[in-house]
Every structure is written in structure tokens, then in C-alpha cells.
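Remarks on the structure that follows.
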Amino acid sequence: MAFVNETQTVARKEATVVGPEAIRAALATIPHVPGVYRMLDAKGDVLYVGKAKSLKNRVASYAHATHANARTMRMVAQVAAVEIVIARSEAEALLIEAGQVRRYRPPYNILLKDDKSFPYLLLGGENAYPRIAKHRGAQSQKGEYFGPFASVGALNQTMALLQKIFLLRPCADTVFRNRTRPCLQYQIKRCSAPCVSYVSEAQYAAQVDRARDFLHGRHREVQEEFRAEMDAASAAQDYEKAALLRDRIRALTQVQQEHGLSTSNLDDADVVALVRRGGASIVQVFFFREGNHFGHQSFHPSHTAEAGDGEVMAAFLAQFYESHTPPPEILVNIEPADCALLQEALKLKVGRVVRVRQPQRGDKLTLISNAAANAEAALAREDQQRARIAANLARVAELFGLDGPPQRIEVYDNSHIGGSHALGAMIVATPEGFDKRAYRSFNIKDAATTPGDDYAMMREVLRRRFARAKKDAGPLAPIAGDKAWGLPDLILIDGGAGQLHAVQGVLKESGIEGPVLVGIAKGEDRNAGREWFHMEGREPFQLPVGDPVLHYLQRIRDEAHRFAISRHRRKRSSGTLTSALDDIPSVGSARKKALLVHFGSRAAISAASLAEIENVSGISHKTAKQIFDFFHPAFH
């Protein structure tokens, strides 16, 4: 579906006109048509995105918003420009609005903070023996997709069952083509080894058909087929085969028991429950596809206390299904505002009817009540966690002499092996927990930094982190579409006095004042619980081993260490593969990409025959021989 996507800026006075006057100036060129409007501040940052059946009437209401709530009045006072996008209908405007809220993340909108893509199960492949695989992103590969699954864990559990019950292969096609003997999956009875023809194409196709029936929710039919085969094997005194079939039947029975949330009259549906308490809210989404329960996930919309429940539910559904395909039925515990318009917009998005309704009785009411109970329990757990964090932050402020509990703590660590693939990492902790959107890694690239010099590496990382602050003398500018990097209240450095002094120099030369700087060094024998804390103007000190604040500081320090190692491992893996292929004569970036797409890995390329390399698009016989000789020097 093609949207009308023309953006028009209808007021901009270079910040000399702001507030209601700027909005009134914009009204002269705003038409009476459906569309989306964006309120911008003097810097051009988006304050608010809204939809309207009549853009002119809706925007005009802000120019006379004398009886609006305090939050709206604050937003109106900052408006310096208005941008509009004309739509063909109000439903189309709702879809455009959801997409722009996700893109710009304006501070005055209700925001779905932790949206992400969900994994799918792919049953397919490019040969006669389809495989099962995890998949995210565009569904362009050949095969059938089942999902979405609420988490990778839920998907892994389903894949393990498919292997155990139907003996389907999980290996990549490149591995499958190059096997000469069965792998461990065959030995533990999780695969029928089609790679070495231990099962015929027809037999494997029958296994795939049964797995497909299972994924479509026909559990009992598959179980009855296995039971009939088991009885036949037992009658023929083939007790080994009968025992294998018995184990598969037991696994299927277990699946049916675990899917106790399934109902006989529920096919493809999402069950969505919103629970609010105080200023916090949580949304639980249960995924049902083909009668199977594919897990559930929690979300945390960001909104003010003034937003109504129906308004929060409507904003959540619009933003959530902007990036995910809605099922035919969405069950909710709170009816969203403008429900009819939302249904029309979802129908416009997917080209079929999508019903959003609040069950009043029966199994569906039981499901929505179950989802709401899960949301209540999750919210209670988060309340307890926030209370623990608040207590720890109050104690951190007392311990390190802060004016109040820190709202943003940044923790830094370095990772390298002998100076190679060196990088620095930054994680952020807040009263809400770890803010993973704000995590950053810094490749060490200054030629003056000696490989392996931890002090120089830390100086480079902090210098780059605060370079913009020196220019702006305030909060840092937005990076990669995220909210601004505000200055931290507390900076924790993984290291002792040496690292502390190195960073102190960077802050002074950058003109940064305010953040309290602390080094946390591992104690004797690097034992947890014996850490030393280093601060300017204080003697190094320790905390009692059982102190909850010590445990909190250890936890955020360890999170920085984990993040640094994971990013270093990724960089090292990428660098190893790239450097190996870079050494091959006549292989540039295009041929390197073609080889990796065709074979999937360096190991598969090195194991390929000359004829197989020649089959790669863009690889001539001469180049194929150079590649083959690179990996097989004995054949020179």
C-alpha cells in the first residue's frame, strides 16, 4: 500500500516565533484534509506527532488550548514549526502517525519503549530435504514461516521438539552439502541423517508433512498416526522402532499439556492485557498461531499519568502493529480509544479484516484474565526491583558524596587481546535499570594509542565520549536517532588509581564539570567482594563483603565487562574472517560477499572443490583456481 508521503513545513521563523503564535502562523497554509502533523521546537526536534481527520481543525485547537492540561501547555509553549503529511483517510493517517512516532520518538507522545522484532521458525530450504531454522527479518527465503514466537527461548523449545519428534535437520545447507558422515544430532536421535542418505527423500518428506501438521495445530492427528505405527511395529516384533515411536508420542502428549492455554475456538490471535499502577504500566502480549501458544512478552509503554487507559492501549496497538503483522483477532482487556478507526487502519495495512475486541465470557475471557494476571505479577516484580534500585542509589549517593540519587551512571571498560581488536565499552544504569539503548562501544583507532595501553585506551574513549559536550557546554546531541546523551551523575571506571588519573585529565581538558568519578579495582587475587574504590581527594576504601551497595556496584561493573567482551568477540570474529579472505589474490569486496553468500562461512569456502568455487556468481575459472590454491597449497 502506497501512502501519500509529502511532507510540508508550514511554519518556521528561526525560533523568533514560538508557542501559539507559531501555530497560528502555520494555520494559513494547513488544509481541511486528513493527515499527520508534527510539532517541532526551535532546534527542529520533533516534540509531538498526531493524526487528524481535519488537519486545520486539529492544529487550530492547540492555538487556543487555554483549558488543556499542563503537559500540553508545556509542549505548545515550545512549538516553533509545524510539519504536515497529507493522507487519503484518517485510517491511513493513523498508520503514518504510528510509523513516525516509532521513528522520531517524540517526548510528548505515548511511546512503546522496548519494541523489537520477533523470531520465526522457517521450515524450508533450497533442496529436497527441508530444514528447520530460526529466522528474523524479511521473509525472503524459500519455505514456510511459523510465528511470531515471543522469545528465542520459546522458539528453541519448539525446534528441540521438532527435532526430537520428527527428526528434522537443523544444519545450514552449506554444512548439509559437505557432510560425509552423520553428525552428533543423529547420534542423540535428533536427526534422521538425510545428509548421508540414511533416510529416503519420500520418508523425509513424510516427516516434514507431519511436522507441518504439528505446527498447524493438528497435534492429535499426528499423535494418532504415530500410535498406529507403534502398534504395527509392536505386532511385527520390531520393538526398537516401537520404543522410538512411544517416546515421540510421550513428547507430543507433553506438548499438549504445556499448551494448556490453547482453546478449541482460538486459531490465530494475540491476547493483549494492559495493567497500570501509579505512574507505571505494563502490557502483556500472548501469541497464538494455528492454535499453538508461541509464548508471551512484556512491554513498557512510556506515558504520563494523565493519559487514559484506552488512549494508552490504542497507542500501544498502533505502534506495535506498525512493525508486526496483526493476526485476524486481537483480544484486549481494555477497549482502545477509537477502536473502529484502529480496526480500519489495521485492515488497510494487511488487506484483510482485523477484529479488536474485549471478551466478556468464555475461554477467551479466561485467556485475557490470565494475561492480565501475568501483567500484574510482572508489574509487582518490577516495583520491587525499582524499590531495591532506589535504595541502592540513595546509598550510592551517600557513599560517593553526590547531591542526590544518581539518575544516570556510566560504566566504562576496555577489551583487547594483546592490543589487537581493541575497543572500549560504555553501559548506562538508571533508576529503571540498565538502559541498553544507550550502550555504546568505541573502536580504538587513535594512531597515538599504543596497543594494549589501557590508560591511553581509556583516555581515548572518554575524550570521544565528551568531545561534543565541550562544544555544546551541555547535553550531548542525539546519536543514531536515540534521545540525547545527557551528562552522567556518576562515572565508574573499571580500574584503579592509574585509570582514574587518566580519565581525570580528559574531563579537565574537555571542560566537563559535575560528574563524580570513581575507579573500582578488583581486590587481592581479583576476588569479588574485595574491590577497592578510588576517588580524588580520598584514600582508597572497601565496603563490607555483604553490603547490598557493593553487590549493586559489582553488578553494573560486571555488565560493562560482559558488554565489552561480547563486542570484542564480535569484532574479533569479523576481523578474523575478513583478514583471511582479504589475503586471497583477486578477491575484492564484491567477490568476498559472493563467496560468503554462496558458502556461508570461511570453513565451507576452504572445504569447497574447484568446481564448486567456479559455480559462484562472478568467479571465473582463473579466480576460482587462485582461491582453491590459497586454501590447498599442496596442490600447487
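Values in this text are rule-based calculations from the coordinates and carry no lab data. Just so you know, these numbers come straight off a predicted model, no measurement behind them. FYI the Cβ positions are ideal-geometry reconstructions off the backbone, even for glycines, and counts take in every protein chain you see.
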(request) Express the relative contact order of the chain as a whole percentage, based on alpha carbon pairs under 8 Å and six or more residues apart in sequence. (result) 8
(request) Run through every distinct alpha carbon pair of the chain and return the Kirkwood hydrodynamic radius in angstroms, one decimal place. (result) 29.3
(request) Please give the FRET efficiency for ASP238 paired with HIS632, using the beta carbon to beta carbon distance and R0 = 45 Å, rounded to the nearest 0.05. (result) 0.45
(message) If each residue of separation counts as 0.36 nm, what is the full-extension length gain between ASP403 and ALA391 once their alpha-carbon separation is subtracted?
(response) 2.8 nm
(request) With r as the distance between the Cβ atoms of ASP247 and PHE541 and R0 = 56 Å, compute the FRET efficiency 1/(1 + (r/R0)^6) and round to 0.05. (result) 0.40
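When a/c is below 1.5 the answer is rounded, else prolate if a/b is larger than b/c, else oblate, so apply that to the stretch 147-210 with a ≥ b ≥ c taken from the square roots of the Cα gyration tensor eigenvalues. Please list the in-between numbers first.
Values: a/c = 1.98, a/b = 1.57, b/c = 1.26.
It is prolate, given that a/c is not under 1.5 and a/b is the larger ratio.
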(message) Among SER234, PHE434, VAL33, which residue has its Cα furthest toward the positive end of the charge dipole of the chain, with +1 on Lys/Arg Cβ and -1 on Asp/Glu Cβ?
(response) VAL33
(message) Could you work out how much longer the chain between ALA447 and GLU229 gets when fully extended? Use 0.36 nm per residue separation minus the Cα distance between them, nm to one decimal.
(response) 71.5 nm
(message) Could you work out [θ]222 nm for the chain from helices alone, using -39500 (n - 2.57) per DSSP H run of at least four and dividing by all its residues? Round to the nearest 500 deg cm²/dmol.
(response) -14500 deg cm²/dmol
(request) Work out, step by step, the length gained on full extension between GLN360 and THR430: first 0.36 nm times the residue separation, then minus their alpha carbon distance; give nm to one decimal. (result) 21.2 nm
(message) Just to check I understand the Karplus step: with θ = phi - 60° and J = 6.51 cos²θ - 1.76 cosθ + 1.60, what whole-Hz values come out for the stretch 434-444, glycine and proline as x?
(response) 6, 9, 6, 5, 8, 4, 9, 10, 10, 5, 6
(message) Could you derive backbone 3J(HN,Hα) for the stretch 33-41 from the dihedral phi with the Karplus parameters 6.51, -1.76 and 1.60 (θ = phi - 60°), listing whole Hz in sequence and x where the residue is Gly or Pro?
(response) 9, x, x, 10, 10, 10, 8, 10, 8
(message) If every alpha-carbon in the stretch 186-236 counts as one equal scatterer, what log10 I(q)/I(0) does Debye give at q = 0.16, 0.18, 0.21 1/Å?
(response) -0.59, -0.74, -0.93
(request) Just grab the label-to-label distance for ARG177 and GLU335, each label 7 Å out from Cα along the Cβ direction, in nm (one decimal). (result) 5.8
